[in-house]
Amino acid sequence: MPDATVVQYCAPTLAGIKTGSLFSYACPPGASAADEVKQLDAKLSAKGLRAIGLGFKRKRLLVYVFRPDDLKRDLSSPEIHQLMESLGYQPEHPGQCLKRLIHRLSDDDSFPHEIGVFLGYPPEDVIGFIENHATNALYTGAWKVYGNVEQAKRTFEKYRICTDVMNDRIRRGNSLEQLTAAVRK
């Protein structure tokens, strides 16, 4: 899959300011979706990120790019831990959570509302989205906001700037590997 596509949809995750990003990808005729994700994962794993296919929705592959350490941290938040357990997840096992998410995505035509956890959305916004059935948001940007609107607006702007800068750099010839921030140990 083209580096520019990955940058367009995953720039904040690549830069290290977001846990994960999700995008749908129309695999070209004759190409193998599994091979495309495997190649992307190989590029990103050298920097400590991962890419996995979550299955197909409307004939498009859902690709999840994420920072495993950040996902583990997010799942350990007390509010998220409780929420995920109530939905049948085992938050102390991120790999099992990903398997459960894949299962939930395959069972339903819609997205499981807890997907925001995997994308690094604030706990109060994920919980608010679920409790309000995706209505009554205080603000809508990259996600529906039910908590701190001003903080969310700052985050949305940071994501926008990051994406603009990385899109510019990919157009100027930087590679995906060059643009991806390594996980700090």
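Is there a quick way to get the dipole size of segment 139-185? I mean about its Cα centre, with the Cβ of Lys and Arg at +1 and of Asp and Glu at -1; what is the value in debye to the nearest 20? Show your work: numbers first, answer last.
On the way: 10 positive and 5 negative charges, 22 e Å.
The dipole magnitude comes to about 100 debye.
Largest first and in whole Å, what are the equivalent-ellipsoid semi-axes of the chain based on the Cα gyration tensor, each being the root of 5 times an eigenvalue?
Numbers: eigenvalues 129, 81, 52 Å².
Value: 25, 20, 16 Å, ordered largest first.
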Notebook entry, point to check: With springs only between Cα atoms under 10 Å, which of 91, 78, 123 fluctuates most in a Gaussian network model of the chain?
Noted result: 78
Margin query: If each residue of separation counts as 0.36 nm, what is the full-extension length gain between residue 161 and residue 96 once their alpha-carbon separation is subtracted?
Written below: 20.0 nm
Item checked: Two-site label geometry, residue 142 and residue 17: point separation in nm, points 7 Å out along Cα→Cβ -> 0.8
Next item on the list: With runs of 4+ DSSP H residues as the only contributors, calculate the mean residue ellipticity of the chain at 222 nm using -39,500 (n - 2.57) per run, divided by the residue total and rounded to the nearest 500.
Entry: -16000 deg cm²/dmol
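Highest first, please rank the peptides 132-141, 31-40, 68-77 by the mean number of other Cβ atoms sitting within 10 Å of their residues.
On the way: 132-141: 12.0, 31-40: 15.0, 68-77: 17.8.
Listed from highest to lowest mean packing, they are 68-77, 31-40, 132-141.
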Item checked: R0 of 45 Å, Cβ-Cβ distance residue 35-residue 124: FRET efficiency to nearest 0.05 -> 0.70
Next item on the list: Would you give the gap between the C-alpha center of segment 142-181 and the C-alpha center of segment 65-135, rounded to a whole Å?
Entry: 21
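Set the Förster radius R0 to 30 Å, insert the Cβ-Cβ distance between residue 132 and residue 181 as r into 1/(1 + (r/R0)^6), and round the FRET efficiency to 0.05.
On the way: r = 34 Å, r/R0 = 1.14.
Given R0 = 30 Å and the Cβ-Cβ separation, E is 0.30.
Please give the FRET efficiency for residue 26 paired with residue 171, using the beta carbon to beta carbon distance and R0 = 22 Å, rounded to the nearest 0.05. Could the numbers behind the result be given before it?
Values: r = 21 Å, r/R0 = 0.97.
Once the sixth-power term is evaluated, E becomes 0.55.
Within the set 57/99; 47/72; 99/144; 47/144; 18/59; 38/158, which residue pairs have Cα atoms separated by over 21 Å? Walk me through the intermediate numbers first.
Working: 57/99 16 Å; 47/72 17 Å; 99/144 25 Å; 47/144 30 Å; 18/59 27 Å; 38/158 29 Å.
Violating the 21 Å limit, Cα to Cα: 99/144; 47/144; 18/59; 38/158.
Bear in mind these aren't lab numbers, they're just calculated from the coordinates by the rules spelled out. Fair warning: this is a prediction, and the values are worked out from it, not measured in the lab. With ideal geometry, Cβ positions are generated from the backbone for all residues, glycine too; neighbour counts draw on all protein chains shown.
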